Structures are given as C-alpha cells and as structure tokens.
Amino acid sequence: MLVENAARAELNMSFAEDRIIRKSAEEIEKMRRSGQIVRQVLNHLKAMVAVGVTTMDLEKGAEKLIAELGAAPAFKGYYGYPCVLCTSINEEIVHGIPSEKRTLKTGDIVSIDCGVVSDGYYGDAAVTVPVGETIKPELKKLLEVTEASLYKGIEQVKIGNTVGHVGSAIQKHVEANGFSVVRDFVGHGIGTKLHEAPQIPNFGKKGQGAELTEGMVLAIEPMVNSGGPEARVLGDKWTAVTVDGSYSAHFEHCVAVTRQGPMILTQ
C-alpha cells in the first residue's frame, strides 16, 4: 500500500541500516498470528466473490470478520483512507475504494488487499480473484504469472541476499511472460508499523539495495500489468489505474528472513 514514484523508489532502495527494524523470534510469532488473521479474512472474501456482489459487500464482510477475530483493520484511517479493504477491479492496480456502486461482473478480476494489527503487530496480504466461472485466457495467465512472480521473489529472501535479488527475480519472471511490472508502487518492511524500511521494488538488480539479514520482515507485493507499466491516480486521490487501460493483478505476502530461509507469515 506504499505509494512511490519510480525515481524515488530507485533513490530509496537502500535505507540506512539503523532504520531497518529487525524482529526477535517472539515478535515474528506475533506477526505470524496477525498474518494468519489476514489469511482467514482473504480466504473468506475469495469465497464471497461472485457475479452481482459489490465491493462494499466484501468490505462489510472483512470488517465483521476482523472484529470477530480480535484484530483491528490496518488501512481504515491510514492517511485518511476510508475503508478496511482496497478492492481494485480490472485496470485498477491498487487502492481501489470499496463502494456499493461497484458490482462485480462476469470476466472481471478483482484484487483484494487487506491489513490488520493484532497485539501491536501488522499483517498485510493481497490476492487477485477471477469473477465468474471463466475469464479470458490472457487474464488467467496474468494472474498465474503475477502469483508465481511473488514466489520467485520469496525464494530470494535469504540472509546475505539483497532487496535487489527479490525485485530482479520478480521482474525477470514477469517480463519473460510478456507482462510489465509497475514501478510507481512498491513493497515495504512491516512490523509495529504498517510501512517500515526498506522499500521492496518489484524490479532491480541482484546486489542492489539493502542486504537481507535475520529478523527483517518484508511485505513483498508484485503489481503486474498486461500492458505497459505506467500508472496514474484518479481524482479520489487513492485509486491507481493503468495509463493504457490494460488489466492489472496484485499478490502479496509478508515474509520473515530467517536462518532456515524465507518464512511466509501470511500463508
């Protein structure tokens, strides 16, 4: 959910080491519990997605379940954002605002981004879901490639690698399949704040940016367009869309850097 233009993302790929907050095993366990709440909510919402459902229906379902699970929403009120979820349909990349007026239609794809805070620690994840029994083959491929690129990035979450290893793996997989990576929005560190250092671009080169060390927790979130990578923000100051009107997909996990390798907290 972190907004950055490409130049700033490039500039800030390496934060000062003392600004990166490493977590203890106990803190990572708390974050895992937050991550499991996010996953339960997203699984519930995936089952709700159907023709005729509004994005506000998803919003209400998420808000109710988050409360029942004893957590608080991470997004609502964040810099004035009005809702619990971000729901982005078709050409919307991220930060789409739920609305009674946005009804899901056959062949749509909807990205659902959810964050919670529990016991002082944040969890954040996203999925993109097809609407109806069938979608166009190119959209099915877009979803498959975007989700696979997330796991390509996660594979690089190893002590001694860098942020650039993660972004490079994502970018290479996306572009090898004929799609483009959004530059204006990037992933981020996460912990007792929703957004912490370092930024995690979904592009880059191995060896570039902050080194990955034990205890770091990263929100890795490729945003992939079927057309060009360019984005613009609508008049509501939140919803980001593709400039060329192409479709976009978004998947996200929170991942801890451990001696045993990447630990997905939102699995």
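Only the coordinates and a few stated rules stand behind these numbers; no lab work does. Owing to the predicted nature of the structure, the values given are computational and were not obtained by experimental measurement. Backbone-built Cβ (ideal geometry, glycine too); neighbour counts: all protein chains shown.
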Using a 10 Å cut-off around each Cβ, can you sort H188, H195, H253, H95 from fewest to most neighbouring Cβ atoms? H195, H188, H95, H253
State the extension gain, in nm to one decimal, for the chain segment bounded by N177 and S24, taking 0.36 nm per residue of separation less the distance between their alpha-carbons. 51.3 nm
Amide H within-cut-off set for V129, under 5 Å, with H built and near neighbours excluded: V110, S111, I112
Net dipole in debye of region 2-264 [+1 Lys, Arg Cβ; -1 Asp, Glu Cβ; about Cα centre; nearest 20]: 200 debye
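Restricting to Cα pairs below 8 Å that are 6+ residues apart, what does the relative contact order work out to for region 2-264? Please round to a whole percent. If you can, show how the numbers build up before the last one.
Numbers: 680 pairs, mean separation 62.8, N = 263.
Result for region 2-264 is 24 percent.
Sorted from fewest to most neighbouring beta carbons within 10 Å, what does the list V131, V166 look like?
Values: V131 21, V166 31.
Ranking V131, V166 by Cβ neighbours within 10 Å, fewest first, gives V131, V166.
Would you mind ranking D124, D113, D244 so that the residue whose beta carbon has the fewest other beta carbons within 10 Å leads the list? Kindly include the intermediate steps, with their values, before the conclusion.
Details: D124 28, D113 24, D244 13.
In order of increasing Cβ crowding within 10 Å: D244, D113, D124.
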GNM on the chain, C-alpha springs below 10 Å: top fluctuator among Q171, Q208, Q199? Q208
Compute the length gained on full extension between Q260 and T103: take 0.36 nm times their separation in residues and subtract their Cα-Cα distance, giving the result in nm to one decimal. 52.1 nm
